[in-house]
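Each remark here refers to the structure printed beneath this line.
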Ligand code: PMV
């Protein structure tokens, strides 16, 4: 046990899946049914400040109080792991649109878990923090580590795969097409797909080979191979949603326009490989020397274009320490 603090602040970057976690293992423990490989987005971040509160836990995101049930499993897991009986006031803000399919839950929950760990002076190892974060959001389990990460199917925590320096030229260009929060949460969409989509079983059967292919391509920094596996992963994931009842339609017409713009770029010899998550936004993998071409191609459709390199893991930025 280290020093306890009066408050703690942590900044974490979101974890963007290159191959997707989509679907959960039965049993309610938020364990992924498919293996995901991900990159940490350096220029995007959630900053989360925590302090002790009275008898209840409370989370504010960008000043807006969140539903208690959304975060209750995370607080329960923290208390179970640390032996603490305390409750927490959490204030989190993002430097990018929240709950819009830009993985704000991954960075927000990772920052929350790391900040509480610092507040309590519990010094839990990263794999335990990852396990706690997973309870709140599968992608948050990955965001506890920086660089490139994997969350295996059936696994309870993520693993670091390569550090943030593995691929210095890699860039992710994000086209924000609609910044409002999504109508259907990823949790609800996954459950609907599991119950009603005839394509859910084939998705799970083929996801592992895409994960293995993407992991191999990433290890040798082969963007064309990685991009190919990445595109199959997100398009197959969406196929499960289109076939659900009722269908889950995160795409906007501008999403399709950007997908075609990426196809045009590739035809012109520009490496631009897109992926999407639970929202209409498009994230495009490219390299630093092609960023301006990609940015210009996306700008006509997007509300905002963000460019990111590969980021480190969470940073505890401030800690006002007192001896317990
Ligand atoms: O971490 P969750 O529960 O928000 O789900 C993440 C789902 C996707 O973003 C679509 C895929 C992924 O692996 O991040």
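We did not get these values from a lab; they are worked out from the coordinates using the rules stated. Please read these numbers as outputs of a predicted model, since none were measured by experiment. Backbone-built Cβ (ideal geometry, glycine too); neighbour counts: all protein chains shown.
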Tell me which strands (runs of 3 or more DSSP E) are completely within region 139-187 and hold 3 or more residues being within 13 Å of the ligand (Cβ to nearest atom), in contact with a strand residue (DSSP E or B) (Cβ under 9 Å, 6 or more places away or on another chain) and farther than 16 Å from residue 221 by Cβ, or say none if there are none.
148-151
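Conditions (1) crowded, with 16+ Cβ neighbours inside 10 Å; (2) assigned to a strand (DSSP E or B); (3) in contact with a strand residue (DSSP E or B) (Cβ under 8 Å, 6 or more places away or on another chain); (4) in contact (Cβ under 8 Å) with a residue 40 or more places away in the chain, marked per residue:
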site	(1), (2), (3), (4)
26	no, no, no, no
56	no, no, yes, no
72	no, no, no, no
81	yes, no, no, yes
84	yes, no, no, no
89	yes, yes, yes, no
92	yes, yes, yes, yes
96	yes, no, yes, yes
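Just name the residue that is farthest from residue 117 (Cα to Cα) out of those in region 277-304 that are touching a strand residue (DSSP E or B) at 6+ places or on another chain (Cβ under 6 Å) and surrounded by fewer than 23 Cβ atoms within 10 Å (Cβ to Cβ). Before you say what the answer is, go through the steps one by one.
Step one: of region 277-304, the residues touching a strand residue (DSSP E or B) at 6+ places or on another chain (Cβ under 6 Å) are 281-286, 288, 291, 294-295, 298-299, 302-304.
Among the residues that remain, those that are also surrounded by fewer than 23 Cβ atoms within 10 Å (Cβ to Cβ) are: 288, 291, 295, 299, 302-304.
Numbers: 288: 36, 291: 37, 295: 38, 299: 40, 302: 38, 303: 37, 304: 34 Å.
Within region 277-304, the match that is farthest from residue 117 (Cα to Cα) is 299.
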Quick one: in region 118-136, of everything that is without any contact (Cβ under 8 Å) to a residue 60 or more places away in the chain and touching a helix residue (DSSP H, G or I) at 6+ places or on another chain (Cβ under 9 Å), which residue is nearest to the ligand (Cβ to nearest atom)?
133
Considering 226, 232, which residue is buried (at least 22 other Cβ atoms within 10 Å of the Cβ) and assigned to a helix (DSSP H, G or I)?
226
In region 243-283, anything without any contact (Cβ under 8 Å) to a residue 40 or more places away in the chain and in a helix (DSSP H, G or I) is listed as 253, 256, 259, 260, 262, 263, 264, 265, 266, 267
Report, by residue number, each residue of region 2-24 that is part of a loop (DSSP other than H, G, I, E, B) and either touching a strand residue (DSSP E or B) at 6+ places or on another chain (Cβ under 7 Å) or on the phi > 0 side of the Ramachandran plot (or both).
3, 13, 14, 20, 21, 23
Which condition number in (1) more than 20 Å from the chain's Cα centre (by Cα); (2) under 24 Å from residue 46 (Cα atoms); (3) surrounded by fewer than 16 Cβ atoms within 10 Å (Cβ to Cβ) is the one that residue 256 fails?
(2)
In region 38-54, which residues are within 16 Å of the ligand (Cβ to nearest atom) and either more than 24 Å from residue 152 (Cα to Cα) or without any contact (Cβ under 8 Å) to a residue 12 or more places away in the chain (or both)?
44, 46
